[in-house]
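The values are calculated or read from the model by the stated rules, or taken from the named source; none is laboratory data. Everything quoted here is computed from the prediction, not taken from an experiment. For neighbour counting, all protein chains shown are included, and Cβ atoms are generated from backbone atoms with ideal geometry for every residue, glycine included. Just the protein is used for accessible areas: all its heavy atoms, side chains included, with ligands, DNA and RNA removed. Shrake-Rupley method; radii C 1.70, N 1.55, O 1.52, S 1.80 Å.
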Amino acid sequence: MDVGQLKERIAEIEAGIAANVCDIDTADALRGLETAVLGKQGTLGSLVKTIKDYPPDQRGHVGKVVNDAKGRVKAVIEQRHRELEAADASADAADAEAFDPTLPGIREPMGSVHPVTAVQWEIERIFERLGFTVEAGPEMETEYNNFEALNIPATHPARDMQDTFWLKSGMVLRTHTSPVQHRAMLKFGAPLRVIVPGRCFRYETIDASHDNTFHQVEGLMIDRGISIPNLIAMAKTLLYEVMQHEVEIRVRPGYFPFVEPGIEIDMNCQICGGAGCPTCKQSGWLEILPAGMVHPNVLEAGKIDTEEFTGFAFGLGLTRLAMMKYGIGDIRVLNSGDLRPIVSPDRLGGPVIAGQVGSGTKR
Ligand code: DAH
């Protein structure tokens, strides 16, 4: 190839690159082109090897022609690299503009507060306003705390009142929240105002109104000069606040070994309005608040001076109260694990309600 032909060949290569470089739109493809043209085996790069084949007086000129061409092609490729980088940067900026971090996210359905929990929270707020503190106790209890400390000795017939889950260790699943009375007396002494919401367990045959796991709220108030009227006033306030309307109550004598006298406070059935239905066993009344004046033996076991102090105690059936409040006729749905709401979530209140899970059918 003489010098004239060489120049033509170079012009052709450069024209080809000029025509196509704008269509190359990735940095990788551009590097591929660079190798194909400027690399040792490349269309221009390989011409370097041929310089030595020219007569010595032409080699300087030929070398310059080839190297100038390589320089120009390199400049064209670098220019295209810069164009691609600029395009990438503005695409990133456009993406950033399209993403609006202030838009609200997509809300996951979260279910709602369990009806028993909703009533428990409400009761805690009511009693806190009355100066009570909220205590907790273990669900696995000693036999002593669950029975003896509450004036229920091993031989006492009252043990038959509660069907107990006995553990191999000799401990029990607490059959009521009353053992926390004893714990609280030892922990705080008198005067004392506590409530204890918690789960209790009984070896029961399950039906519409009995479950083996249920919730109670124990209450205990010990002070100078406490008597039955204080207890009844507290019960009325509590039921009024929970139901948000005046509730009819009646008081009957009741027997519990840990109180003397013991009473049963009933409320009129909120499901049938007192007319009689299966939930109230046609009586129109529901036992809601067994209570009484704390038995001196229980105070003494709790190291309270019985000369100076008296107290009342109650064991509110929290599960039953929740059923009343929300008109739930069957206790079994409460522990069923079925997430479809049995109560419309907006009736339950509380901070974690965000939506409802499932079909929303009422059962
Ligand atoms: N612990 C009793 C039960 O589960 C309920 C109870 C009755 C608690 C009278 C009390 C009370 O504090 O005074 O059946």
Qualifying residue in region 76-97 (condition: touching an Asp or Glu at 6+ places or on another chain (Cβ under 8 Å), over 20 Å from Ala29 (Cα atoms) and either part of a helix (DSSP H, G or I) or open to solvent by 60 Å² or more (accessible area, probe 1.4 Å) (or both)): no
Residues satisfying the stated conditions in region 281-295, i.e. touching an Asp or Glu at 6+ places or on another chain (Cβ under 9 Å), outside any strand (DSSP E or B) and more than 14 Å from the ligand (Cβ to nearest atom): Ser283
Tally, over region 214-268, of residues that are open to solvent by 60 Å² or more (accessible area, probe 1.4 Å), in a loop (DSSP other than H, G, I, E, B) and more than 16 Å from the ligand (Cβ to nearest atom): 6
Total residues in region 156-187, condition within 12 Å of the ligand (Cβ to nearest atom), open to solvent by 10 Å² or more (accessible area, probe 1.4 Å) and among the polar types (S, T, N, Q): 2
Which listed residue is free of Cβ contacts under 8 Å to residues at least 40 places away in the same chain and out of contact with any Cys (no Cβ under 6 Å at 6 or more places or on another chain), from Glu12, Glu34: Glu12
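Go through region 181-213 and give me each residue that's part of a strand (DSSP E or B) and under 18 Å from Thr164 (Cβ atoms).
Gly198, Arg199, Cys200, Phe201, His210, Thr213
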Selection within region 128-152 - within 16 Å of Thr164 (Cα to Cα) and open to solvent by less than 30 Å² (accessible area, probe 1.4 Å): Glu141, Asn145, Asn146, Phe147, Leu150, Ile152
Qualifying positions in region 16-31 - part of a helix (DSSP H, G or I) and either open to solvent by less than 60 Å² (accessible area, probe 1.4 Å) or touching a residue at least 40 places away in the same chain (Cβ under 8 Å) (or both): Gly16, Ile17, Ala18, Val21, Cys22, Ala27, Ala29, Leu30
